[in-house]
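What follows is one structure encoded as structure tokens, with my remarks underneath.
The values are calculated or read from the model by the stated rules, or taken from the named source; none is laboratory data. The model shown is predicted, which means the values in this text are computed figures rather than measured ones. As a convention, Cβ positions derive from the backbone with ideal geometry for all residues, glycine included, and neighbour counts pool all protein chains shown.
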Amino acid sequence: MPGPVIWNGHITFGLVSVPVGLIRATQPRTAPFHMVHTAHGCLGRIRYRKHCELDGSEVPEYGIGRGYETPAGSIVPVTDADLDNVPLPTAHAIELLGTLPADKIDPRQVGDSSYYLAPGPAPSAVRPYVLLVEALARRSQVAVVKLAVRGDRERLGMLRPLNGTLVVNVLRWADEVRPPVGVAPAPTEVNDDEIAQALELIDACSVDTVDDIPGLVDHYAQALAALIEAKTQDRDLDQASPLSSRTQPVDLMAALRESVRTARYRRGERTDDS
């Protein structure tokens, strides 16, 4: 089920206005660890309590708000209502800046936050929403937009159609991306046969969607459960062989051919020896 609407506004598409609501498209999964006091085997939970630095009192969550510190050191309180009325066009609008093919966007700029944009509740909001979805889909393009969710700076976003819905992925600004200095390997020659075999391996691993990749399961929860069970039973844990321990094959072509055969076998395709 979709989550709650966290922001209401509209997309400005030329002179067209598309009323939308912003809904988080993802939910994080983290390991259920707690911070504990490890000295002398105490294992008591570490709790953070919030205290006011002026009067020393412990402050409950409902008593905490935002404050901006001026250069002079004084604190100016800022409420949600203040942020809703900030004199910034993108505070209430997602501004469409331009459109381009998705592969023209630097993948380093794509952030980890994504949102659904739902059409506004008014019946008149549906038609321009569907129009924008259809136009982007027919051109096979995405839109670069600018937005500002309450309490945050202006952000770039990549707006794209997905199964009749608009999705926006937050983008990093260009000055937030580090150049790949010292990352590229030294110049090395590879021959045509090796390239051809590598291309065949890529073709053998090709899928239409991420969901088509076989065995795509997060095994961390299972591994963590096995670790906890072993520790509670005071026994050693069977260790899996780390991928980093694999040695580089001496015969690169032989390794590529075997990789192609294995990839085809996993896809249910016939191989030369089957």
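If you go through the range 206-220 one residue at a time, do you hit one that is modelled with pLDDT under 80 and more than 30 Å from ASN163 (Cα to Cα)?
Yes, some residue in the range 206-220 is modelled with pLDDT under 80 and more than 30 Å from ASN163 (Cα to Cα).
Give the residue that is farthest from TYR129 (Cα to Cα), with candidates limited to residues of the range 1-30 that are in a loop (DSSP other than H, G, I, E, B) and hydroxyl-bearing (Ser, Thr, Tyr).
Ranking the qualifying residues of the range 1-30, first place goes to THR30.
Could you tell me whether any residue of the range 166-176 is modelled with pLDDT of 95 or more, closer than 20 Å to THR209 by Cβ, in contact with a helix residue (DSSP H, G or I) (Cβ under 9 Å, 6 or more places away or on another chain) and surrounded by 12 or more Cβ atoms within 10 Å (Cβ to Cβ)?
Yes, that holds for at least one residue.
What number of residues in the range 80-127 are part of a loop (DSSP other than H, G, I, E, B) and either in contact with a helix residue (DSSP H, G or I) (Cβ under 7 Å, 6 or more places away or on another chain) or over 21 Å from ARG138 (Cβ atoms) (or both)?
9
Suppose the filter is part of a loop (DSSP other than H, G, I, E, B), without any contact (Cβ under 8 Å) to a residue 24 or more places away in the chain and either surrounded by fewer than 18 Cβ atoms within 10 Å (Cβ to Cβ) or not aromatic (Phe, Trp, Tyr) (or both); does ARG153 pass it?
It is true that ARG153 is part of a loop (DSSP other than H, G, I, E, B), without any contact (Cβ under 8 Å) to a residue 24 or more places away in the chain and either surrounded by fewer than 18 Cβ atoms within 10 Å (Cβ to Cβ) or not aromatic (Phe, Trp, Tyr) (or both).
Hey, could you check the range 60-98 for residues that are touching a strand residue (DSSP E or B) at 6+ places or on another chain (Cβ under 7 Å) and without any contact (Cβ under 8 Å) to a residue 12 or more places away in the chain and say which is farthest from GLY157 (Cα to Cα)?
Checking each candidate, the answer is ILE75.
Name the residue, out of ARG160, ARG155, ARG139, that is outside the structural domain of ALA254 (by TED's automatic domain parsing), modelled with pLDDT under 90, closer than 24 Å to PRO101 by Cβ and not polar (S, T, N, Q).
Matching residue, one of ARG160, ARG155, ARG139: ARG155.
Could you please find all residues in the range 109-150 being under 27 Å from ASN85 (Cβ atoms), surrounded by fewer than 14 Cβ atoms within 10 Å (Cβ to Cβ) and small (Gly, Ala, Ser)?
Result: ALA122, SER124.
Determine the pairs where a residue that is assigned by TED's automatic domain parsing to the domain that holds GLY67, located within the range 35-57, has a partner that is surrounded by fewer than 10 Cβ atoms within 10 Å (Cβ to Cβ) and polar (S, T, N, Q) with Cβ atoms under 8 Å apart, the partner being 6 or more residues away or on another chain.
none
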